[in-house]
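Read the structure below first, then the notes.
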Amino acid sequence: MVADRSVTSAALLPFFVYEDFSAILQGRHSRERGNPATFARERLKALDVRLRRSKAEPAFAGMTIGKYAVPDSRFPIPDSRFPIPRSHPQRPHPMRIGQGYDVHAFGDGDHVMLGGVRVPHDRGVLAHSDGDVVLHALCDAMLGALALGDIGQHFPPSDERWRGADSRTFLRHCNSLIGERGYRLGNADITVVCERPKVGPHALAMREAIAADLGVEVDAISVKATTSEQLGFTGRREGIAAMAVCLLLRA
């Protein structure tokens with residue numbers, strides 16, 4: 001069949017086809033009789049899809065433009081001539097992905113908070129809240145997945161209410177926001193970048209704390225660490241950083 005450049009068959013676009021696909025089996029007998037063209041035509045009819053007739057393919061004689069004709073995929077510009085049927089409104093994305101990053105300089109102190117866990121260290125961090133780079137990066141990833149801004153917009157450092165605040169409060173708030181919008185955390189992967197302190201001995205405790213706050217299984221949370229090979233501010237042990245990626249799923 002000669003391709004018609006003005007329209008594309010909806011048979012190639014599952015988004016428009018919500019009928020029971022068992023209907024296509026109605027053409028099975030035609031195929032068994034050894035007539036593939038007849039089988040193809042009956043299959044399209046079973047899906048209520050009609051094509052523009054082509055003189056080069058007589059097997060499709062009598063088939064005309066159907067109500068599900070759409071613009072050529074080479075030209076994705078919206079065209080009012082080919083509206084999406086009202087009976088099939090656009091559905092929310094089944095998943096969303098976000099990424100986050102946070103960094104804090106070291107300062108006076110005897111510990112750092114990482115993933116909601118107090119980790120002994122010969123330095124603390126300079127921060128308005130408790131400076132938990134793991135949770136801050138994860139919060140930004142969750143907010144970013146739904147285009148809800150960043151943690152600084154929701155908990156500005158200029159607001160004294162958040163001075164010394166437990167970052168698990170921020171994480172629970174972000175989890176509430178995504179829940180209100182019909183999503184839940186699928187999984188999260190977090191990488192801490194520092195020379196010291198050692199993250200490995202505390203990684204499981206961090207995963208458990210994060211999983212508890214988000215209401216997910218521990219195996220949905222990954223926490224790992226790396227160094228920057230003594231390069232940059234983390235390599236000079238001037239601070240600590242974390243990166244996070246998360247997947248949100250429709251609840």
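The values are calculated or read from the model by the stated rules, or taken from the named source; none is laboratory data. Just so we're clear, the structure is a prediction, and the values are computed from it rather than from any experiment. Backbone-built Cβ (ideal geometry, glycine too); neighbour counts: all protein chains shown.
For this structure, a couple of remarks:
- Single residue of R168, R161 found to be in a helix (DSSP H, G or I) and more than 23 Å from the chain's Cα centre (by Cα): R161
- So G131, is it modelled with pLDDT of 90 or more, on the phi > 0 side of the Ramachandran plot and surrounded by 20 or more Cβ atoms within 10 Å (Cβ to Cβ): yes
- Residues within the stretch 211-245 that are under 19 Å from D140 (Cα atoms), β-branched (V, I, T) and touching a residue at least 40 places away in the same chain (Cβ under 8 Å), tallied: 3
One line per residue, one yes/no per condition, for (1) more than 13 Å from the chain's Cα centre (by Cα); (2) buried (at least 23 other Cβ atoms within 10 Å of the Cβ); (3) assigned by TED's automatic domain parsing to the domain that holds P197; (4) of a type in the set (A, V, I, L, M, F, W, C):
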position: Y101; (1), (2), (3), (4): yes, no, yes, no
position: F106; (1), (2), (3), (4): yes, no, yes, yes
position: G115; (1), (2), (3), (4): yes, yes, yes, no
position: R118; (1), (2), (3), (4): yes, no, yes, no
position: A127; (1), (2), (3), (4): yes, no, yes, yes
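- In the stretch 160-194, the qualifying residues are those that are surrounded by fewer than 16 Cβ atoms within 10 Å (Cβ to Cβ) and among the acidic types (D, E), and the one that is farthest from I240 (Cα to Cα) is E180.
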